[in-house]
Ligand code: FES
């Protein structure tokens, strides 16, 4: 068996560091072109709130399976989206002053009416979810 020299060891460490650097460089690029996908969404509607609890301009973030859903009472009615940003899967929030959905990670902005990207790096719109009112209660998910 051959002994490893100090020079070989340093070379090995350098190659390891170089590989780590390349992976750190390319992971965000690959993630940009293959954004996070939602899986395991509940098939049954999830209770959001009573209708009177979500006035115009208000929003609620609720657990929706493994991911949060964002429900907004817009001036054109209730809208619901997966709150998971399509860029690097940060959790988006409703900004009532801007009247836009905002991703705080890299300043992504989404339209609250249909979830399309207004500004920033997200490659695709937010996933729109069904929202319905049944007996005065707001539900997200399920069939329309
Ligand atoms: Fe980058 Fe949302 S994760 S803009």
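Coordinate-derived values only; no laboratory data. Here the structure is a predicted model, which means the values were calculated and not measured. Ideal geometry is used to build each Cβ from the backbone, glycine not excepted, and the neighbour counts take in all protein chains shown.
A compact table of results
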read-out	value
Length released on extending from residue 4 to residue 114, taking residue separation times 0.36 nm less the Cα-Cα span	33.5 nm
Relative packing of peptides 115-122, 130-137 - highest average C-beta neighbours within 10 Å first	115-122, 130-137
Overall dimensions of region 53-133 by Cα: Rg and Dmax, Å	11.4, 33
Distance between modelled label sites at residue 66 and residue 130, nm, 7 Å Cα→Cβ extension	2.3
In degrees, nearest ten, helix 6-33 long axis to first principal axis of the chain (Cα)	20
Full-extension gain in nm, residue 18 to residue 93, via 0.36 nm per residue minus C-alpha separation	23.3 nm
Highest to lowest packing among 3-9, 53-59, 74-80, 90-96, scored as the average C-beta count within 10 Å	90-96, 74-80, 53-59, 3-9
Equivalent-ellipsoid semi-axes of region 86-144, from the Cα gyration tensor, Å, largest first	24, 13, 9
Sites residue 27 and residue 47 - FRET efficiency at Förster radius 25 Å, r taken between beta-carbons, to 0.05	0.10
Within a Gaussian network of the chain (alpha carbon springs, distance under 10 Å), most fluctuating of 128, 14, 100	14
Square roots of 5 times each gyration tensor eigenvalue, C-alpha, the chain, largest first, Å	44, 17, 11
